[in-house]
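Let me begin by presenting the structure, written as structure tokens, before commenting on it.
The values are calculated or read from the model by the stated rules, or taken from the named source; none is laboratory data. No experiment lies behind these values; they were computed from the predicted model shown. Note that each Cβ is placed from the backbone with ideal geometry, even for glycine, and that neighbours are counted across all protein chains shown. These area figures cover heavy atoms from the full protein model, side chains too; ligands, DNA and RNA do not enter into them. Shrake-Rupley method; radii C 1.70, N 1.55, O 1.52, S 1.80 Å.
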Amino acid sequence: MANQMKSPEVIAMGTERPVPRWAEKTAHLIPLVALPVCLWRLPIALGFTMGTGLPPMDMPLWMSISYVGGLSVISELFALACFGLVRSWGEVVPAWVPKFGGKRVPPYVMIVPALVGGLVIVAVLIGWVLTTFQIAGFERGPFDSLGWEILAVSSSGLFVLVGPMVLALTYAYYRRRCQP
């Protein structure tokens, strides 16, 4: 019996066609890359300025916690949903889902939201680059110290990498599902 080895470039994840190894790793990185900015935001909801030099949020505590916490949860849910681009549940609806379980997912049901989300975050990336490097008249806000500025810029800088990562995953999904 011949020893069958998997190609190091692709791995089987229960998907119709193998997932490129880089795409699998990227899907795991996205939630981790998004997490620092989500954690950085949370103290802001509690009235800490995080060294921004701006006054605390001018809203009731329950509202700021709901807003900032909700934004962080939505960011991480979007990041975790990217696993659908490399897992079987992005191709076939899981059997436990009422009415739709076991049905094939049309590729564009995954591609369009991922493409839109990735492009939105790329737009944020462009704004981040212009502001961080003070290009074309864009200015950074005041920070209490260099340490706070580095923390803010690096955590938000990691998050904006999510856009290109999602777009790369979306392209890999498109190639796997839509091209022969």
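Tell me the residue from Glu139, Glu149 that is of a type in the set (D, E, K, R), more than 21 Å from the chain's Cα centre (by Cα) and open to solvent by less than 70 Å² (accessible area, probe 1.4 Å), please. Please lay out each step first, then the result.
Working: Glu139 fails: open to solvent by less than 70 Å² (accessible area, probe 1.4 Å).
Matching residue, one of Glu139, Glu149: Glu149.
Where residues in the stretch 64-81 are in contact with a Pro (Cβ under 8 Å, 6 or more places away or on another chain) and not small (Gly, Ala, Ser), which of them is least open to solvent (accessible area, probe 1.4 Å)?
This residue is Glu76.
Taking the condition of being outside any strand (DSSP E or B), over 21 Å from the mean Cα position of the chain (by Cα) and in contact (Cβ under 8 Å) with a residue 12 or more places away in the chain, how many residues in the stretch 88-104 meet it?
The first filter runs over the stretch 88-104 and keeps only residues outside any strand (DSSP E or B), leaving 88-91, 93-103.
Then drop every residue that is not over 21 Å from the mean Cα position of the chain (by Cα), which leaves 93-103.
Filter once more, keeping what is in contact (Cβ under 8 Å) with a residue 12 or more places away in the chain: 93.
Of the residues in that region, 1 qualify.
Within the stretch 134-152, work out how many residues are outside any helix (DSSP H, G or I), of a type in the set (A, V, I, L, M, F, W, C) and under 23 Å from Leu35 (Cα atoms). Lay out the reasoning, then the answer.
Kept after step one, since they are outside any helix (DSSP H, G or I), are these residues of the stretch 134-152: 134-145.
Still in the list and also of a type in the set (A, V, I, L, M, F, W, C): 135-136, 138, 143.
With the extra rule that they be under 23 Å from Leu35 (Cα atoms), the set shrinks to 143.
Going through the stretch 134-152 one residue at a time, the tally reaches 1.
Residue under question is Ala114, and the condition is that it be within 19 Å of Val33 (Cβ to Cβ), open to solvent by less than 40 Å² (accessible area, probe 1.4 Å) and of a type in the set (A, V, I, L, M); does it hold?
Numbers: within 19 Å of Val33 (Cβ to Cβ): yes; open to solvent by less than 40 Å² (accessible area, probe 1.4 Å): yes; of a type in the set (A, V, I, L, M): yes.
Yes, satisfied.
Step by step: first the residues of the stretch 157-175, then only those that are open to solvent by 60 Å² or more (accessible area, probe 1.4 Å) and assigned to a helix (DSSP H, G or I), then the one that is farthest from Val19 (Cα to Cα). Which residue is that?
Just the residues of the stretch 157-175 that are open to solvent by 60 Å² or more (accessible area, probe 1.4 Å), to begin with: 158, 161, 171, 174-175.
So of that shortlist, the ones also assigned to a helix (DSSP H, G or I) come out as 158, 171, 174-175.
Numbers: Leu158: 25, Tyr171: 12, Tyr174: 11, Arg175: 10 Å.
Checked the stretch 157-175; the qualifying residue farthest from Val19 (Cα to Cα) is Leu158.
Among the candidates Leu167, Leu125, Leu146, which residue alone is aliphatic (A, V, I, L, M), over 25 Å from Ala81 (Cα atoms) and either modelled with pLDDT under 95 or touching a Gly at 6+ places or on another chain (Cβ under 7 Å) (or both)? First the steps, then the outcome.
Working: Leu167 fails: over 25 Å from Ala81 (Cα atoms); Leu125 fails: over 25 Å from Ala81 (Cα atoms).
None of the others qualify; the one that does is Leu146.
Picking from Leu85, Leu39, which residue would you name as being buried (at least 17 other Cβ atoms within 10 Å of the Cβ), under 16 Å from the mean Cα position of the chain (by Cα) and not charged (D, E, K, R)? Don't jump to the end; show me each part of the working.
On the way: Leu39 fails: buried (at least 17 other Cβ atoms within 10 Å of the Cβ).
Selected residue: Leu85, the only one of Leu85, Leu39 that is buried (at least 17 other Cβ atoms within 10 Å of the Cβ), under 16 Å from the mean Cα position of the chain (by Cα) and not charged (D, E, K, R).
Take Val122 and tell me if it is open to solvent by less than 80 Å² (accessible area, probe 1.4 Å) and either outside any helix (DSSP H, G or I) or hydroxyl-bearing (Ser, Thr, Tyr) (or both). Lay out the reasoning, then the answer.
Working: open to solvent by less than 80 Å² (accessible area, probe 1.4 Å): yes; either outside any helix (DSSP H, G or I) or hydroxyl-bearing (Ser, Thr, Tyr) (or both): no.
The answer is no for Val122.
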